[in-house]
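Report on the following structure.
The values are calculated or read from the model by the stated rules, or taken from the named source; none is laboratory data. If you're wondering where the values come from, they're calculated on a predicted model, not measured in any experiment. We place every Cβ from the backbone using ideal geometry, glycine too, and count neighbours over all the protein chains shown.
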Amino acid sequence: MMKPHVRRAVSLLLLALALGVTCTFLGRWQWNRHVARDAQIRLIEDNYSAEPVPLSALVATPGEALPADAVWRQVTVTGRYEADATVLLRNRPIGGMAGYHVLVPFVVADGGEAGAVLVVDRGWVPTGENGSEVAQVPAPPTGTATVTVRLRRGEAQSPRSAPAGQVQAISVAQVLEAGDAVPATGSPGAYEVYAEMAAEDPAPDHALGTLPTPSTDPGSHLSYAFQWWTFALGSLVGFTAMARRELVDGSGAGPAARPERRRRSPSAEDEEDALVDSQLG
């Protein structure tokens, strides 16, 4: 049967192992998040200000997905806006301010698949006086226009409902449905990607609010990773030391288990002194 002090020591070692492994994996998880975020930042820095290319150079057909390394790349395309199919994106603050993104279908004429529809996020407008009504939305340029835009992957459809002419996510299908701009049968269809406005030619009579640049803040994942690994090392060292103390003290080698030092036997001189003292007394 295992002795109590050995049982306590084993329990401490198992606790040290469990905490060490858990903290190590949590640190690894934060490290992986740091690596992923660092890759996102490098992608933004490489693509955001890169020279524009035709839309067809990155997305050959409307049904083609946007390559991962092409997110935020600038492209140019010529066509016309379907202003009557304008849709507003709600619940998407801009720099801490409440507002609506203005999404307008753009029918491509050159630079991409002719006749295909590209959803363009032209910018944003503030909310009305009561915080829920929509302020007046400036119209896009009429006729043929050439736009420089940054490509983004379409968002997943939102299950939440929205007022007429508004959406909760930049899902291309939901945007076109909300604006009654579903491409006609036989047309090339709509691009699965959407685009954020960089420049328009000709310029509109009234500009919208400029979309914010993507964040390049790395976050705290790296520091969290090192904190978890520090906890892992500390738990292993601390609980192992406690287990060792239990073993040492329980085995009789520790200070608490050492026997008292044997008292020294009196010498002959001590006995004579005691005899003299008793006679004098």
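Tabulated results
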{"read-out": "Top-ranked residue of segment 136-160 - restricted to ones that are assigned to a strand (DSSP E or B) and β-branched (Val, Ile, Thr), ranked as nearest to the chain's Cα centre (by Cα)", "value": "149"}
{"read-out": "Scope segment 114-135; condition modelled with pLDDT under 90, hydrophobic (A, V, I, L, M, F, W, C) and assigned to a strand (DSSP E or B); matching residues", "value": "134"}
{"read-out": "Residue 19 being buried (at least 16 other Cβ atoms within 10 Å of the Cβ) and modelled with pLDDT of 95 or more", "value": "no"}
{"read-out": "Number of the condition not met by residue 178 [criteria: (1) surrounded by fewer than 18 Cβ atoms within 10 Å (Cβ to Cβ); (2) closer than 21 Å to residue 124 by Cβ]", "value": "(1)"}
{"read-out": "Criterion (crowded, with 20+ Cβ neighbours inside 10 Å and in the same structural domain as residue 64 (by TED's automatic domain parsing)) met by exactly one of 95, 154", "value": "154"}
{"read-out": "Residue match in segment 57-75 (condition: within 23 Å of residue 168 (Cβ to Cβ), assigned by TED's automatic domain parsing to the domain that holds residue 192 and more than 29 Å from the chain's Cα centre (by Cα))", "value": "no"}
{"read-out": "So residue 80, is it part of a helix (DSSP H, G or I) and modelled with pLDDT of 90 or more", "value": "no"}
{"read-out": "Residues being charged (D, E, K, R) and either surrounded by 19 or more Cβ atoms within 10 Å (Cβ to Cβ) or modelled with pLDDT of 95 or more (or both) - total across segment 56-77", "value": "1"}
{"read-out": "Candidate set: segment 181-202, residues that are surrounded by fewer than 16 Cβ atoms within 10 Å (Cβ to Cβ) and closer than 22 Å to residue 143 by Cβ; chosen: the one modelled with the lowest pLDDT", "value": "184"}
{"read-out": "Filtered residues of segment 203-250 (kept if in a loop (DSSP other than H, G, I, E, B), surrounded by fewer than 16 Cβ atoms within 10 Å (Cβ to Cβ) and more than 28 Å from the chain's Cα centre (by Cα))", "value": "203, 205, 206, 207"}
